[in-house]
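Computed from the coordinates by the stated procedures, all read-outs in this text should not be read as laboratory data. Because the structure is a prediction, the values reported are computed rather than measured. Neighbour counts are summed over all protein chains in view; Cβ atoms, including those assigned to glycine, are modelled from backbone coordinates with ideal geometry.
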Amino acid sequence: MKFFQTTLVIMAAGLFLVGTLTETVEAKTVKVVMTAEEVKIPIDNKGTLYPAWTFNGAIPGPVVRVSQGDTVDFTLINPRTNQNSHAMDFHAAQVDVLKEFAPIKPGTQEHWTFVARVPGVFMYHCGAMPMVEHIARGMYGIIIVDPKGGYSRRYPKPDREYVLVQGQLFQNPDDYQAMLKNKGWTNSLINGKIFHYDPVHDPNATQALVAKPGERVRIFFVNANVNMPVAFHPIAGIWDRVYLNGNPKNTLYGIQTYNVAPSEADTFDIVSPKDRPTNNAIVDHTMSAALRGAITVLMNTPDADPSAGRGSNILLK
Ligand SMILES: [Cu+2]
């Protein structure tokens with residue numbers, strides 16, 4: 001979480017009067033700096049290296065979290081040591097694809113701002129060509145825009161929050177023609193690793209999501225696959241609520257599987273039985289993806305680590 005802490009600096013708080021009443025809402029400017037890094041990083045729990053392209057040296061890139069109405073003050077650095085142009089496409093931004101989202105060459109940087117007007121969860125990704133390769137090699141992440149109104153009956157405060165970002169791993173990182181045809185896709189990545197949080201399928205996995213029985217666990221999910229939707233399902237459970245695009249105005253109740261399109265992000269609540277310890281396996285129910293790495297274990301036990309899924313621990317490294 002070092003990058004998260006160092007790259008997100010709350011710059012200033014502006015105070016705006018809302019309407020004619022004395023009610024006030026603080027809108028902040030949040031400074032976000034990302035560096036495009038072409039680096040070899042581990043893509044499984046035993047440390048197999050892959051020549052990835054990343055934001056800040058990790059898949060996914062840093063979690064960006066702001067409140068509705070905040071201004072994101074963004075800088076993208078493309079170091080001279082890189083071989084390729086890179087770009088940033090925040091799905092939470094309403095700007096100009098030819099201006100803000102334009103690629104920048106190695107040895108340059110760009111700076112722009114946007115106001116996060118729409119609440120929810122959004123993907124971000126590199127939009128430089130060939131885009132399929134820049135995304136498949138790891139240049140993606142999540143931006144959470146918390147709703148201005150805060151929590152409510154419709155959008156209850158969760159006990160834990162976790163970020164899960166799914167992607168596709170291709171055997172040949174340079175063959176973007178194969179990526180376009182979805183050929184050479186060998187594995188699914190969850191937060192950058194195959195079976196990242198699944199000690200059942202991978203003896204090298206040391207982590208799982210944890211919660212206490214009966215807690216409301218909120219999952220912010222991004223489908224960063226380049227070609228395939230995700231059939232998002234909690235085995236041995238039912239999604240209590242699904243907030244489409246993470247927006248509390250778009251709430252579905254009692255859902256077994258929700259189909260998440262490429263580039264879509266949604267928020268999912270699950271509440272386990274209160275009276276006993278249980279486990280869930282959160283999967284892409286598309287079998288070819290589940291068994292290539294897209295399974296995440298959620299353990300609901302009374303001794304769950306109280307710091308997991310809270311504060312800066314929502315994306316388990
Ligand atoms: Cu890129």
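Here are a few things to note about the model shown:
- One residue from 32, 39 being under 18 Å from residue 134 (Cα atoms) and either part of a loop (DSSP other than H, G, I, E, B) or more than 12 Å from the ligand (Cβ to nearest atom) (or both): 39
- Condition met for residue 117 (surrounded by fewer than 17 Cβ atoms within 10 Å (Cβ to Cβ) and touching a residue at least 60 places away in the same chain (Cβ under 8 Å)): no
- Candidates are the residues of segment 47-65 that are in a loop (DSSP other than H, G, I, E, B) and small (Gly, Ala, Ser); the one that is nearest to the ligand (Cβ to nearest atom) is 61.
- Strands (runs of 3 or more DSSP E) within segment 241-317 that include 2 or more residues touching a Ser or Thr at 6+ places or on another chain (Cβ under 7 Å): 278-284
- Hits in segment 75-104 (condition: closer than 22 Å to residue 314 by Cα and of a type outside the set (Gly, Ala, Ser)): 90, 91
- Within segment 69-84, considering residues that are within 12 Å of the ligand (Cβ to nearest atom) and assigned to a strand (DSSP E or B), the one nearest to residue 29 (Cα to Cα): 76
- Hits in segment 104-137 - residues which are near the ligand (Cβ under 9 Å from one of its atoms) and at positive phi: none
- Residues that are touching a strand residue (DSSP E or B) at 6+ places or on another chain (Cβ under 7 Å) and surrounded by fewer than 15 Cβ atoms within 10 Å (Cβ to Cβ) do not occur anywhere in segment 284-292.
- Checking residue 179 against (1) surrounded by 15 or more Cβ atoms within 10 Å (Cβ to Cβ); (2) assigned to a strand (DSSP E or B), the condition it does not meet: (2)
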